[in-house]
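Quick notes on the structure that follows.
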There are 2 protein chains.
Amino acid sequence: MQSEQEFLRHYDSSQFPSPIVTVDSVLFTLKDGALCVLLVKRANHPQQGYWGLPGGFIDMLRDDTIYQTAMRKIVEKTGVTPAYLEQLETFSGTERDPRGWSLTTAYFALIAYQNCQTQIDDVLDAKWWSVKQIPSIKEIAFDHQHIIEKAIHRLEQKTLYSMLPVYCLPDEFTLSELQTVIETILDKPIQRKSLVRRFDASGIFEETGKFAATGSRQAKIYRKMDNVDIQNFSRNLGE
Amino acid sequence: MQSEQEFLRHYDSSQFPSPIVTVDSVLFTLKDGALCVLLVKRANHPQQGYWGLPGGFIDMLRDDTIYQTAMRKIVEKTGVTPAYLEQLETFSGTERDPRGWSLTTAYFALIAYQNCQTQIDDVLDAKWWSVKQIPSIKEIAFDHQHIIEKAIHRLEQKTLYSMLPVYCLPDEFTLSELQTVIETILDKPIQRKSLVRRFDASGIFEETGKFAATGSRQAKIYRKMDNVDIQNFSRNLGE
DNA sequence: GCAATAGTGTCTTTAAGACATTATGTA
DNA sequence: TACATAATGTCTTAAAGACACTATTGC
C-alpha cells in the first residue's frame, strides 16, 4: 500500500482538466446620492472593450486565499483598499465564459467615495455606474450583470438587519449621512427614530466631540470604534 | 488587432497553472433525535482512511454547474437525492489540501432520515455523525471540520427566520415533529405558539386530512405544498 | 376518570413605525 | 425672528414570549 508521502510525491494536479478559475468583486460606493458599482473596461480578450467587474486569476505565488486575490485585484485596478470585503457566491458553468467551463468566486465590497475619488478618477478605464443604469448597459462582460444583481440583493438584506452601510462612509460621519446611505441602498425612506435606536443599541459607535455645520443646527459627528465588528439585529427594518 | 474568435481559437486554459478545484457538501439529517452530518471514509489519498465530506472533482463533461457536481456527488456516494441543496461558501488556500493550492465550494443539504435510511445503511464507508461528536473526531480530512461548523451556523441562522427545517422531515409530518426538528437544530426549546403562528402565516403548508396516532390525542398531518419556496420572516425566533 | 399530547386564548414584552415636539444652529 | 435640520418623546403596532387553558385520544 502506497503511503501518502509517496502519493504526494507523484501527484501532479496539472494533468487533470480543470475549469477556468477567477475571482471578481462588486465594489459599491455612494456617489452623487446614488448607489454605484465600479466597472472596468476590459483591455484583453475575451469580451475586450466590455465593462466587467474588477477581478482576475488567482496568483498562487502571491495569494494565500481567494480573499487575498479579491483584495489584490481591487487594489491593482483602483489603487484603493475597500473598507469592507465579503465573499458573495461562486458562479459556474459552461456558458458564462466563452473560453469554456469556468468558475468565479464573487466578493462584494464597500468603500467611501471620499476615500477613493482621486485614485479612481485617475484610472481611465474604471468607472462608477449607478446601479439604476446597470440594466441598460449592453456591453457588460460574462454574467457580471447577474452577479451585480445578487450583490445588490445581499447588500439590501444586510442593510435591513445591520449597520453595514457605515462602510460606505468616511471614518467620521453624522447620523443624517448614515441615514442617507441606508435610504439610498434601500431606495426608500426609513424612520430616523428607528435608526437612532439601533445606532445606540449597537454600541459600536462613539462621538468624536466634533460637529458638522450643515446650514442649520449642527450635527454630532460620530465614528465607528476600532476593532469592533458589525453585528446583526434580530429584526429587519421597514417591513 | 486580433478578433475574439481568433483569440478563442488559440486559447488553451490548460497552459495556465490552476488551483485544485473540488465541491463538497455538508448533508444534514435528524437521526435518533440528534442533528447529524454524513461523512464518508476516504478510499484514496490524500488523507486516506480519514472521514471527509461527500464531494470531489467537477466532471466538466457531465456537470453544467457546480450545483450539479454537488448533487451528483451526493447521489453517487449515498444513492439518495437531498430535499434541499444550497451553496454555502468557497474555501481556499495553500494549506488546506496537501496536494497544493486548492479551492472547494461547499454546499449544505437537508434530507429526511426516513428517505435515506436504507440506502445509507448499505454504504459501508458512509456514516452519520452527530454534530455534537464531530469536534471529538480526530480523523477528519482537510478543513472539513471548519466547513461543517460554518454549515451548522448557517442552518441555525436560517432556522431562526424560516421554515427550512421542514426539509429534514418526510413529505407528511406533524407540527410536533417540525417543532422537534427545530429544537434539535437550535439545541433549545422554542414556543409552540410562535411556531404555529409562523406555520400558519407562511401559507406554504396544507392539511392532508390524516391524523397521527401518538398514544394520546391525534396530531394533524400536514405537507408542504408543491412548488412553493421557503420565504423568510422579518424577525428571528428566540431572542 | 387520568395521563399524555395536541392545540387555543390571551396577556406581556420587545422593538419598530408614526409623527409630534423640542433644540440649536444660520440668515 | 424665521427657518432648516438635528435630536427626542411618546403613542401605536406587529410579532414573539410566556403560560394557562381546553380538546381529544388511549388506557
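The values are calculated or read from the model by the stated rules, or taken from the named source; none is laboratory data. For clarity, every value in this text was computed on a predicted model and none was experimentally measured. All Cβ positions, glycine included, derive from the backbone under ideal geometry; neighbour counts span all protein chains shown. These area figures cover heavy atoms from the full protein model, side chains too; ligands, DNA and RNA do not enter into them. Shrake-Rupley method; radii C 1.70, N 1.55, O 1.52, S 1.80 Å.
Which one, A:THR69, A:GLN119, B:SER102, is farthest towards the positive end of the dipole of the protein assembly as shown when Lys and Arg carry +1 and Asp and Glu -1 on their Cβ?
A:GLN119
Throw me the Rg/Rh for the range A:162-239, computed over C-alpha atoms with Kirkwood Rh, two decimals. Walk me through the numbers on the way to the answer.
Details: Rg = 12.4 Å, Rh = 13.1 Å.
Ratio of gyration radius to Kirkwood radius for the range A:162-239: 0.94.
Rank B:MET163, B:MET225 by accessible area, highest first, at a 1.4 Å probe radius? List each step's numbers first, then the result.
On the way: B:MET163 5, B:MET225 55 Å².
The residues order as B:MET225, B:MET163, largest area first.
Going by alpha carbons, how many degrees (0 to 90, nearest 10) lie between the helix axis of A:144-161 and the longest principal axis of chain A?
With rounding to tens, the tilt is 40 degrees.
Determine the relative contact order of chain B: mean sequence separation of Cα pairs under 8 Å and six or more apart, normalised by residue count, in whole percent. Intermediate results must be reported in sequence, preceding the final value.
Numbers: 369 pairs, mean separation 44.9, N = 239.
Relative contact order for chain B comes out at 19 percent.
What trypsin sites (Lys or Arg not before Pro) in the range B:189-239 are in a loop by DSSP, with at most 14 other Cβ atoms within 10 Å of the Cβ? Provide the component values of the computation, followed by the final result.
On the way: sites: B:ARG192, B:LYS193, B:ARG197, B:ARG198, B:LYS210, B:ARG217, B:LYS220, B:ARG223, B:LYS224, B:ARG235; in loops: B:ARG217.
Passing both the DSSP loop test and the Cβ count: B:ARG217.
For the range A:19-158, please report how many Lys pairs fall under 12 Å Cα to Cα, leaving out neighbours fewer than 8 apart on the same chain. Display every interim value, and only then the final one.
Working: A:LYS31/A:LYS127; A:LYS41/A:LYS77; A:LYS41/A:LYS127; A:LYS77/A:LYS127.
Taking the range A:19-158 as the scope, the lysine pair count is 4.
Between the range A:52-66 and the range B:34-64, what is the C-alpha centre distance in whole Å?
26 Å
What shape does the range B:19-158 take by its C-alpha gyration tensor, where a ≥ b ≥ c are the square roots of the eigenvalues and a/c under 1.5 counts as rounded, a/b above b/c as prolate, and the rest as oblate?
Details: a/c = 1.39, a/b = 1.24, b/c = 1.12.
Rounded shape, in that the Cα axes give a/c under 1.5.
When a/c reaches 1.5 or more, the comparison of a/b and b/c decides; with that in mind, is the protein assembly as shown rounded, prolate or oblate per its Cα gyration tensor? Write out the running numbers ahead of the final one.
Details: a/c = 1.92, a/b = 1.13, b/c = 1.70.
Note, shape of the protein assembly as shown comes out oblate.
Given charges of +1 on the Cβ of Lys and Arg and -1 on the Cβ of Asp and Glu, with all other atoms neutral, how large is the dipole of the range B:105-239 about its Cα centre, in debye to the nearest 20? Please report the intermediate quantities before stating the final value.
Values: 17 positive and 18 negative charges, 124 e Å.
Computed charge dipole of the range B:105-239: roughly 600 debye.
Report the full-extension gain for the segment B:ARG197 to B:MET225: residue separation times 0.36 nm, less the Cα-Cα distance, to one decimal in nm. Each step should come with its number before you reach the end.
Values: separation 28, 0.36 × 28 = 10.08 nm, distance 1.75 nm.
Roughly 8.3 nm would be gained on extension.
If you find the alpha carbon centre of the range B:90-112 and of the range B:195-214, how far apart are they in angstrom?
Rounded to whole Å, the Cα centres lie 38 Å apart.
At 1.4 Å probe size, put B:THR94, A:THR105 in order of accessible surface, largest to smallest. Working shown, then result.
Numbers: B:THR94 55, A:THR105 0 Å².
Descending accessible area places them as B:THR94, A:THR105.
If R₀ is 30 angstrom, what is the calculated FRET efficiency for the pair B:GLU239 and A:GLN133, using the beta carbon separation as r and rounding to 0.05?
Values: r = 40 Å, r/R0 = 1.32.
Here the calculated transfer efficiency is 0.15.
To test your reading of the geometry: what angle, between 0 and 90 degrees and rounded to tens, separates the Cα axis of helix A:175-186 from the longest principal axis of chain A?
Helix A:175-186 sits at roughly 50 degrees to that axis.
When the dipole is taken about the Cα centre of the range B:19-158, and only Lys, Arg (+1) and Asp, Glu (-1) are charged at their Cβ, what size is it in debye, to the nearest 20? Write out the running numbers ahead of the final one.
Values: 15 positive and 17 negative charges, 35 e Å.
Dipole of the range B:19-158, to the nearest 20 debye: 160 debye.
Whenever you get a sec, line up A:ASP12, A:ASP229, B:ASP97 from highest to lowest accessible area (probe 1.4 Å, protein heavy atoms).
Numbers: A:ASP12 70, A:ASP229 125, B:ASP97 10 Å².
Greatest to least solvent exposure: A:ASP229, A:ASP12, B:ASP97.
Given axes a ≥ b ≥ c from the Cα gyration tensor, I'd like to know whether chain A is rounded (a/c under 1.5), prolate (a/b larger than b/c) or oblate.
Details: a/c = 2.23, a/b = 1.72, b/c = 1.30.
Prolate, since a/c reaches 1.5 and a/b exceeds b/c.
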